[in-house]
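The values are calculated or read from the model by the stated rules, or taken from the named source; none is laboratory data. As the structure is a computational prediction, the values presented were derived from the model and not from experiment. Here the Cβ is made from the backbone with ideal geometry for all residues, glycine too, and neighbour counts use every protein chain on show.
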Amino acid sequence: MSGTGGADAGGTPGLSIFSKYDPLKQRVDVVNRIGVDPFNMTFDDIMGPTRGRIGNREIILAGTNNYLGLTYDEAARQAAKDAIDRHGTGTTGSRIANGTYVEHEQLERDLAEHLGKPSCIVFTTGYVTNLAAMAGLAGPNDVIFIDADAHACIIDGTRLAGTTTVRFRHNNPADLDKRLARQAIPEGGHALVVIEGLYSMFGDIAPIDEFVEVAHRHGAYLYVDEAHSYGVFGATGAGIAEEQGVLDQIDFYSGTFSKSLASVGGFCASRHPEFELLRKVMRPYMFTASAAPSNICAAQAALDAIKSRPELRTNIMARAAQLHDGLNRMGFDLAAPASPVIAIRRPNEAQAAMEWNWLLKEGVYVNLAVPPGTPQSSSLLRISVSAAHTEEDVNAILSRFRALKDQSGEILNEMMRKIA
Ligand code: PMP
């Protein structure tokens, strides 16, 4: 154990500040013995939305959240380059100081218009968006209700808000109904219900329409994070709420630029014009630098593509169906019906890590998702499909999974040798 400085500084003798991570270190050691650390890998090059390179191996990217494949879109790249030429590489200031440019405001207006809301605020990342908006909305007398499978930034949003938090069963409006009826809300307080559209681990879809009914019947506000579904679902790309015909009833709609919008940043739109006031209180909005002009202008170009190129959504859904169907036929245990997120359940963490490594060596990058970041403590190989994947790409991915299945005995033996 290195660095026992804590002892000198008055801590427990012989234990460093890192001792609490000893169990994690053991898990990392096992993963390292199996091969590359899946949470600490580096691409030597990225050549396009679906291709990368590690050493001299070309990799098909099948785990990047690049749903519409717009990171290499000609207009988006040009917009980012022009923004750098016009405004430089960074704003070096917060939204409330020198960090709001006309492009930030234009993007806010265009997102608000796309979502049919009077207000939209742009933030530096999607993670920061949920922290800021949730903690800005919910004060000491309010109660936040979150789905049991909520993303880390929603959980952290409740922590920053410091409110009473109630979890309801995943994608279960009846359970929310029960808990809203049971929970006493302090005098002057309100209930804020937070759900997601497409859940990022299993790829399952929320019945937002039912949640709207339950939340509003109890006088609660509904907050929907459509990070994985904005741009991908709905006739105009306005997400699952649009697809289910309830977009206008969503009180707060958050999203990210880091997926279909092919950039970095986040946004929250509201049907309540008073939401604008929160610009003066949300700490993760006020006390961090605003998104760089290049990020904002790339997202603006991607938004234009979302609105004008519906074929991107047709493509991604066709490829998602093709991949889901192929894996299903091979007998893989898939966590949800077809969507652009396809999660394959594996028996345990070590086997999933071994298979993840094997797939990478065979030229396919997917995501390894393991507890505690996964629902039901599952170990998953997670694929995110892109509109930029061709039919041949999906066939190539499927052929590697077929080989994985055929060789699972050998892969397991190798794993046992490595971790024994
Ligand atoms: N919400 C959800 C549901 C997410 O999955 C993520 C990131 N994967 C975020 C928000 C945060 O987005 P960002 O990457 O922009 O911080």
**Item:** Per-region count, region 397-410, residues crowded, with 16+ Cβ neighbours inside 10 Å and of a type outside the set (D, E, K, R)
**Value:** 4
**Asked** For region 111-150, how many residues are in contact with a helix residue (DSSP H, G or I) (Cβ under 6 Å, 6 or more places away or on another chain) and within 11 Å of the ligand (Cβ to nearest atom)?
**Response** 6
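Give the residue, chosen from D37, D82, D29, D73, that is without any contact (Cβ under 8 Å) to a residue 40 or more places away in the chain and in contact with a helix residue (DSSP H, G or I) (Cβ under 8 Å, 6 or more places away or on another chain).
Just one listed residue meets the conditions, D37.
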**Prompt:** Is there a residue in region 177-189 that is at pLDDT 95 or above and closer than 23 Å to I316 by Cβ?
**Reply:** no
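Among the residues of region 374-402, what is the count of those that are within 15 Å of I344 (Cα to Cα) and not hydroxyl-bearing (S, T, Y)? It would help to see each step written out before you state the result.
So the first thing to find is which residues in region 374-402 are within 15 Å of I344 (Cα to Cα), and the list is 374-385, 397-398, 400-402.
Next, only the ones that are not hydroxyl-bearing (S, T, Y) stay: 375-376, 380-383, 385, 397-398, 400-402.
Residues that pass the stated criteria total 12.
Is it fair to say P284 is more than 29 Å from V385 (Cβ to Cβ), in contact (Cβ under 8 Å) with a residue 60 or more places away in the chain, within 16 Å of the ligand (Cβ to nearest atom) and buried (at least 17 other Cβ atoms within 10 Å of the Cβ)?
Details: more than 29 Å from V385 (Cβ to Cβ): yes; in contact (Cβ under 8 Å) with a residue 60 or more places away in the chain: yes; within 16 Å of the ligand (Cβ to nearest atom): yes; buried (at least 17 other Cβ atoms within 10 Å of the Cβ): yes.
Taking the combined requirement at face value, the residue satisfies it.
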**Message:** Just the residues that are closer than 28 Å to F202 by Cβ and touching a Pro at 6+ places or on another chain (Cβ under 6 Å), please, taken from region 47-82.
**Reply:** N66, Y67, G69, T71
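Hey, could you check region 235-260 for residues that are among the hydrophobic types (A, V, I, L, M, F, W, C) and in contact (Cβ under 8 Å) with a residue 40 or more places away in the chain and say which is nearest to the ligand (Cβ to nearest atom)? Before you say what the answer is, go through the steps one by one.
Within region 235-260, the subset among the hydrophobic types (A, V, I, L, M, F, W, C) is 235, 238, 240-241, 246-247, 250, 252, 257.
Checking the rest, the ones that are also in contact (Cβ under 8 Å) with a residue 40 or more places away in the chain come to 235, 238, 240-241, 247, 250, 252, 257.
Values: A235: 22, A238: 16, I240: 12, A241: 14, L247: 18, I250: 15, F252: 13, F257: 6 Å.
That would be F257.
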**Message:** Please go through (1) in contact (Cβ under 8 Å) with a residue 60 or more places away in the chain; (2) under 20 Å from A269 (Cα atoms); (3) not small (G, A, S) for I144 and return the number of the only condition it doesn't satisfy.
**Reply:** (1)
**Asked** Within the group S339, S377, S308, S384, which residue is at pLDDT 95 or above, among the hydroxyl-bearing types (S, T, Y) and in contact with a Pro (Cβ under 7 Å, 6 or more places away or on another chain)?
**Response** S384
**Complete:** Within region 130-143, the residues that are surrounded by fewer than 24 Cβ atoms within 10 Å (Cβ to Cβ) and touching a strand residue (DSSP E or B) at 6+ places or on another chain (Cβ under 8 Å) are D142, V143
**Message:** Looking at region 97-108, I want the residues that are touching a residue at least 40 places away in the same chain (Cβ under 8 Å) and have a partner that is part of a helix (DSSP H, G or I) and polar (S, T, N, Q) with Cβ atoms under 7 Å, at least 6 apart or on another chain. Which pairs are those?
**Reply:** E103/Q300; Q106/Q300; L107/Q300
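Name the residues in region 208-219 that are touching a helix residue (DSSP H, G or I) at 6+ places or on another chain (Cβ under 6 Å) and either away from the ligand (no atom under 16 Å from the Cβ) or over 19 Å from G116 (Cβ atoms) (or both), would you?
Just the residues of region 208-219 that are touching a helix residue (DSSP H, G or I) at 6+ places or on another chain (Cβ under 6 Å), to begin with: 208, 210-212, 214, 218.
The answer is E210, V212, V214, H218.
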**Fill in**
Inside region 340-398, the number of residues satisfying the requirement of being farther than 23 Å from N32 by Cα and among the aromatic types (F, W, Y) is 0
